[in-house]
Structures are given as C-alpha cells and as structure tokens.
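Down below is the structure, laid out as structure tokens.
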Amino acid sequence: MAEGKENQEKQPQTPPFQLNWSNLLWFFVFWLLLSLFFRSMAPPPSSDLPYTEFKELAGRQRIQEVVIQGNRITGVLETADSTDAEGPMAEAGRRSFTSRVPDFADPGLLPLLEENRVKVTVRSAEQSTFVTIMVSLLPWVLIIGFFIYFNRKLRERFGGDGMGGGPFGFGKSKAKRYSKSKTDVTMADVAGLDNAKKELEEIIAFLKEPGKFQKLGGKLPRGLLLAGPPGSGKTLLARATAGEAAVPFFSISGSEFIEMFVGVGAARVRDMFANAKKDAPSIIFIDEIDAVGRVRGTGLGGGHDEREQTLNQILSEMDGFSHHEAVVIMAATNRPDVLDPALVRPGRFDRQIYLDAPMKEARAKILGIHTRKMPLADDVNLDDVARRTVGFSGADLENLANEAALLAARENKDKIGDQEFDRAIDKVMLGLEREELINENDRKIVAYHEAGHALMAMLLPGADPLKKVSIIPRARALGATQQLPGEDRHNWSRTDLLNRLGILMGGRVAEKIVFNDITTGGADDLKKATDLARRMISRLGMSEQFGPAIFPPGEEHPFLGREITQERNFSDHTAQQIDNEIVKLVKEMEGKAHDLLSAGRDKLEAVAEALLERETLSGAEVEEILAKVEKAGKKRGGGRRKKKTEVGE
C-alpha cells in the first residue's frame, strides 16, 4: 500500500482548467469588430412592396404609418381581408411591408402621404462616427494583430528574448535548447574514446564547480573542437558532456546560420551567445562548423560574403567571453584542414580532440551498448563480430545491429543469432543481394575469378586470413572475397602491401589461365591495385628506384575543384618515371600471381567447382578443399614414383 501511494504521488497530475481572460477578451473584441464590419457591408434587404403599389395603397388610405430612412420605407398597411395578412398581425387585418424610394427625387410623395393622413417618421441614414471609424480601421487592426500574433509564435518556437530578432524573428537563433532534465545522455552511453573522455573530464568538472577553479585563478578553455570521420561520435560526445555536467545544451548546425537575408547569420550568432550567457553554466555545440568556418578570402563575395560575416561574428563573440563566464563552445567537423586559422588559434578553440575509428575492444563495447535491449542468441559473440568489422565507425556499428535485428524479424525469429550478424555485415559492406540471375558462362567466369582471389590469399605468406568467398551478386559486384585480419593494424610493411597487390591481381590472372581471355570483371581490382602502387611509390617511399624520396601531387584547395589545383612539385620526367614504376610493380605482382596459380591449377579448379556448387565458402571450407587436393596430389605423385622404380628395375 505504501508503494502504491508513493507511485500515485509520483504520477504527474493534470493541471486544473484555467480560463485565460486575455485570450477571451481578444476573442470578444475580434468578434465585435467582425460583426460590425459584416453588418456595414451587408446589402440592404429586398423590398416586398413595389413603389407604385405603395403609392396606390397610400392614395386609398390603406397605409397607417411609415418610417423613411434614406431610400428605404417601412410601415404597416391595412389588408382587404384576413387572407392577405401573414404572421402575428393577420388577426388584426394588418401587415408590415418594406419598399424603396427611387434614387431620383419624387416631390409628390410627402404631399400624398400628408393628404391621406399617414404618420411619417424620418430617420437619418448615416452611421455613427464610431461605427464608421471602427469599420474603416478594422482591416488594419486585423493585419497588425495577425503580425503580432505570428511574430510571438515564432519567438516561442525559436526561443530568445527578442534582441536582434527582426521581422518574424528571422534573426533568432535556431539552436535547440536541451535542459538538464532532457539531456539524459552520459559518458556511460559512449563506448571507447577513452582519450577524448579524459580531455573532457576537466571541462565537466569546471562546469559543475566553476568556483573551485576560479579561486585558484584557473581559466575555462574558450572552445573545444572535435574532429574525426563521419559517424565517429562527435555529437554524442558533446551531448554526453552536457549530460555529465547537468547544464543546458544548445545544439545547432553550421548551415542553420545562413539564410537568404543579409545579416541574418550574424544576428543568430549574437542571439545564441546571449541566450547561452543567460543560462550559464551551459554548452554551445555547433555541428559541421566548416559550413561557416572555412578559410576566409576565398569566396566569390570577398569580405562582404554572408558566410564570412557570420564567421567574423563568431570570432567576435568568442573574444567577448569573460574567463569567469562558464560557457563552453564545442564544435565538430570532419574537415579540420579547411578551417580558418583565426578560428583554431589558442584563445578561441583552445583544445582540439581527434576521434579515430574505434579499435576492436571499443567496437565490442559499442556493439554491447547498441544491443543491450536486443535479445541475442547464445551463439552471438560480440568480440568476434567486432573482429569482423575493422574500420567500422560507431554509426556503422549501430546500423549493423539494427540490420541484424531487421533480418531476424523478417524471418520471425525470437532472438538475433550470429547468422543474422554475418548477413548484416555482408549487407553493410557489400550491399544488397541482386535478384537477377546471371547466365552460366558468366557465373563460371565469376567463380574462377573469386577462386583466384581466395587462392592467392591462402598461398601468399603473411596475408590476412580468408574469411569468406562468394559468387552471389551484390550491388555492383558479381562476387566477393573477404579477408579477416587477426587484429587492428596501424602500420603496414612493404611485404603486406605487395601481398595486397597480388591478391587484387589474382582474379584477373585466374581468368587468363583458365579461359585464355580477360573480362571487365576485374576493373575495380585494377583501379585499387594502381592506386595502391601509386601510393607506395609516390607517397610511402617504397620504390627501389626513388628510395626514400616522395612525390605528393600537391595540396587540394578546400573550395576549388581537385583537378584544377593538384599541382605537381616534380618534373614531367619524374612523373614519367613514376608511371613506369607503377606499371612495373603491378606487372611484377601479376607475374607472381600467374606463377602461383599456374602451379596450383588443380587447387584453383577445385575451389571454383565448389563455388559453382555451393555459391559461398568459408575460409575453413577452402582450407579443407586445398588439403584434399594436396592429399590426392601426394597419392598420385607416390604412385608415379613407384611405377618408375619398377620400370627401372
């Protein structure tokens, strides 16, 4: 009972109904003005008694009294019998009527009425001055009232105190404000990124207890820049910082500052910073800051460009902060190289944190966070899934978990198994399976092509272990060969890269050996092999001819096209030598692949036949096939040696 009482007390109570007298008064005024307006604009009522008949009845003394107001005549006439009367006057033999006087003057009307003793009452047709003024001002009152009401609604929608808002609040900041209660993301929701978390602990401690640092003369960093590839968790880390510090969080994208109106971006910057100072301690988070923070002086508009004016206002506002104002500016970008130097100098963005792709342990933790509400089968090992997702960002891993859940739901399963995660990895990395079928000839070519890749991965010493080989068409690929590195690596030797070249050339070489022809299926392999060879020679110093010298193509300009600005810092003769070295290196590995596959032709045939039969082979299945081929080859070799010995004897 006590628990039930506590639950009842915790439940939110519906607030009592309160009458808003201000809105009721405005509604009454609006209704009054509207009724007066329509009353004045209403057409005069139609007459039920023609003017000639009215004069005739007046001459016959059938009219008792009339009221003349402008051109309108109303009155009461006596009917000849009761059948002519209608309404409540029928019993008395009278009825009311309405008629209209012609616009031209009729001088004989009044004498006629006086002669027949008709009581005449004349009323003015002009409206009162108050009604006239109200009717004339009504359209303007409605327009101004609508303007004020709409402007107030916009202010309520975007927040702010009206400073710099301009008409309809265009200059109001569009930053979304998250209060302490709404910012429920904490560092516990962020897996990995341990170094970034340590950097942010100081910021969180300062926002929680600013006096502790201020009494020692400590100064809060002005700004903190989060840089990293897309999906690495920059926005999540900023929200977690606000959640840990329990302070208001203002979030806005850099593109939301810019509008078609000149000066709006700068006004929004001023308004956002003003709101943040009022709610201090607080955090301002600007996502994709490179939208407004790119290098100045390169746009077509020069110093008057709207984007540059917005950037200038941001720089000015950051300089205007006092060190005792507990407002932290956090920004995120995946292009820190294009930011203006004035933005990233000390005193503005004092700290820069670079977020890399998560390592294996961090990927396992991220998967644990994204799958904590998902029913997982017993065969799911998140460490193994993390090992198979090298290079995945946090957003990729979230998408992977969601795809696995969708695949399990599609098959009406109660739990998500390892098979769903395996299929989800293929879907994320290789794309959807293609429904159209390929003919048997193309299917056979693809089988030998992928068998060539797989066999080279098995034969080259030091190559990453083979995970899977498949001839199921996906997206733009007719087949795929996957290798699974044993661990995350940051450093690659020349031997590792040469092995990579040999595996890339294995598919094309297998086609040439078996069919004595080549197809277009290896176009993507050739592109990757050529790019890798070019990096090895011109950027990594792995050429025997050039040695440690490197020849980068030049820096790319952040605004103009790549092809326009790729300047070469070497001569045309050196460029020709680089091209020759690239061709030489690729051909060398092609020759090595040809030697290995030719010597293992029986193994190539066996793997290709198994692919045609089963379409997908795991690395263990390929090893088993190669072991059987080697065992059969030893038996044949032993038989031939025995037969030769008998002949010799």
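The values are calculated or read from the model by the stated rules, or taken from the named source; none is laboratory data. Quantities reported herein were computed from a predicted structural model and do not represent experimental measurements. Every residue, glycine as well, gets a Cβ built from its backbone with ideal geometry; the counts of neighbours run over all protein chains shown.
Comparison of E325, E259 shows that the only residue that is under 22 Å from I204 (Cβ atoms), at pLDDT below 75, in the same structural domain as T241 (by TED's automatic domain parsing) and not in a helix (DSSP H, G or I) is E325.
Please work out if D595 is under 23 Å from F515 (Cβ atoms), modelled with pLDDT of 90 or more, out of contact with any helix residue (DSSP H, G or I) (no Cβ under 9 Å at 6 or more places or on another chain) and of a type outside the set (S, T, Y). When the stated conditions are applied, D595 passes them. Scanning segment 397-416 for residues that are buried (at least 19 other Cβ atoms within 10 Å of the Cβ) and either touching a residue at least 40 places away in the same chain (Cβ under 8 Å) or not assigned by TED's automatic domain parsing to the domain that holds P375 (or both) yields one hit, I416.
Only residues that are assigned to a strand (DSSP E or B) and farther than 24 Å from D602 by Cβ were counted in segment 451-479, giving 2.
Note on segment 340-360: residues that are in contact with a strand residue (DSSP E or B) (Cβ under 9 Å, 6 or more places away or on another chain), free of Cβ contacts under 8 Å to residues at least 60 places away in the same chain and of a type in the set (A, V, I, L, M, F, W, C) amount to 1. Looking only at segment 351-369, decide whether some residue is acidic (D, E), at pLDDT below 85 and in contact with a Lys or Arg (Cβ under 7 Å, 6 or more places away or on another chain). The answer is no; no qualifying residue exists. Selection within segment 420-450: residues that are free of Cβ contacts under 8 Å to residues at least 24 places away in the same chain and either polar (S, T, N, Q) or not in a helix (DSSP H, G or I) (or both). The member of this set that is nearest to G591 (Cα to Cα) is N441.
Of the residues that make up segment 392-412, is at least one charged (D, E, K, R), outside any helix (DSSP H, G or I) and at negative phi?
If we filter segment 392-412 for residues that are charged (D, E, K, R), which is where we start, we get 396, 398, 403, 410-411.
Filter again for outside any helix (DSSP H, G or I), leaving 411.
Okay, now just the ones that are also at negative phi, so 411.
Yes, the conditions are met somewhere in segment 392-412.
There is at least one residue in segment 337-346 that is buried (at least 21 other Cβ atoms within 10 Å of the Cβ), in the same structural domain as A280 (by TED's automatic domain parsing) and part of a helix (DSSP H, G or I). Taken over segment 371-391, residues that are touching a residue at least 12 places away in the same chain (Cβ under 8 Å), part of a loop (DSSP other than H, G, I, E, B) and farther than 15 Å from A191 by Cβ amount to 9. Of everything listed in (1) exposed (fewer than 15 other Cβ atoms within 10 Å of the Cβ); (2) touching a helix residue (DSSP H, G or I) at 6+ places or on another chain (Cβ under 7 Å), the single unmet condition for N441 is (2).
Set side by side, the residues K219, K198, K182 differ, and just one is assigned to a loop (DSSP other than H, G, I, E, B), out of contact with any strand residue (DSSP E or B) (no Cβ under 7 Å at 6 or more places or on another chain), surrounded by fewer than 21 Cβ atoms within 10 Å (Cβ to Cβ) and at pLDDT 65 or above, which is K219.
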